[in-house]
1. Post the alpha-carbon centroid distance, region 264-335 to region 130-178, in whole angstrom.
2. Within the chain, how many lysine pairs that are 8 or more places apart, or on different chains, have C-alpha atoms less than 26 Å apart?
3. Give the order of Asp146, Asp212 when sorted by the count of other beta carbons within 10 angstrom, beginning with the fewest.
4. Using a Förster distance of 45 angstrom, determine the FRET efficiency expected from the C-beta separation of Arg349 and Glu165, and round it to 0.05.
5. For region 171-384, list log₁₀ I(q)/I(0) at each q in 0.09, 0.10 Å⁻¹, using the Debye formula over Cα point scatterers of equal strength and ignoring solvent, two decimals each.
6. Which length gain, in nm to one decimal place, applies between Thr52 and Val28 when the Cα-Cα distance is subtracted from 0.36 nm times their residue separation?
7. Above 21 angstrom, tally the Cα pairs of region 94-157 and express them as a % of all pairs, no decimals.
8. Relative to the present Cα-Cα distance, how much length would full extension add between Gln68 and Gln106 at 0.36 nm per residue of separation?
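Each value in this text was obtained by applying a stated rule to the coordinates, not by laboratory testing. Treat the numbers as computed from the prediction; the structure is a model and nothing was measured. All Cβ positions, even for glycine, are placed from backbone atoms using ideal geometry, and neighbour counts span all protein chains on display.
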Amino acid sequence: MNAAAEVQWEENGATHRARWRSESGAPVPRRIVVADDSLNADAAFRLACEGTAILWRGDFHNARQLLQAMNRRIGRKAVRKGGKGGKDDKPAATPAQAFHLHRQAQAQRARTLGMLLLPLEGDYRIPLRRAPDVAEACGEAWGAADGQPALVSLRELLGLIGAHEWRRKGVEVPALGGRLHVHYGVFSPLRGEYVDLVAKASLPAGLRTAFDIGTGSGVLAAVLARRGVGRVVATDQDERALACAADNLARLKLAQKVELQQVDLFPEGRAELVVCNPPWLPAKPSAPLEYAIYDPDSRMLRGFLAGLAAHLAPGGEGWLLISDLAEHLGLRSRETLLGWIADAGLLVRERLDIRPRHPKVMDEDDPLHAARAAELTSLWRLAAA
């Protein structure tokens, strides 16, 4: 988020300024019109498509309904242009093309819907009728209020509210026999198959120390600690992730068994087990929050493989947890992955596979359905050659 950015607009014959808050990295709006409940969805959608932001001064719930109406119009526009369901709709020539078209459509949707803005007071209060209290949700994402008024897109604010509810309720993790409370901006283990693989795979003989590279919510470090590993060192570059992991480990009464370090990839030393669940798709994130999903040029994956042998104790193993969705989408081949493993001086001892269970596997309307239906999540047991 660019916390220092400032947005400016004209209202009631005066120039106003406020902080521009955008977790998605959206640029400061160049044109802003002020609107209230008299603005209809067609006019709002037209303004948003033209790149004009709408600063809402009406009822909060009406703003939510307007956002939903704008979202429906995006779908209708796609059909009229021959998109999904249109008479001129044609399948993408390749899975990779389908993926890139899908991401373009997602980005365009985000840009358009992000044009509906709400004001925030310096104490995170929304000065609109029937507005909810979002101070706690904003504080979790941005820290303590500093008294500066701001503008934020309603779509992003709803994301903060949803993340706050997920954090409060937690996510059930059967492998832990408990719940994880995932902070805003941290990847949630809703897809639990990779966690199940770590919970069930046989541990290396003589295991004393394990490294969890890119710990995120701390879920894999917690599973390893629960399995009796004497010392677990969990690393991450992101401060939010480390705070989230610390919170979860404390809730699970595992804080004394896991050491958290803010480093890029590996801590110092060697371990009998080194685990890594990198982002699965080699693509450029379109927003900072997507770095848990997209790994530009497979940077983290290649970095893990290249450095693994130097951080394995004699006879130790590296566990790479990764989906083959990138292969089915034509973004990375199996041969490329095997080449990186060999070039790093590693060999494959075993590969454990599991089928994903998430709803999109069965959603035939998903533009990436064919790839998702064929997807496997794997635990690659790697050792120094």
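1. That distance is 29 Å.
2. The result is 17.
3. Asp146, Asp212
4. So, using R0 = 45 Å, E works out to roughly 0.60.
5. -0.32, -0.40
6. 7.5 nm
7. 40
8. 12.1 nm
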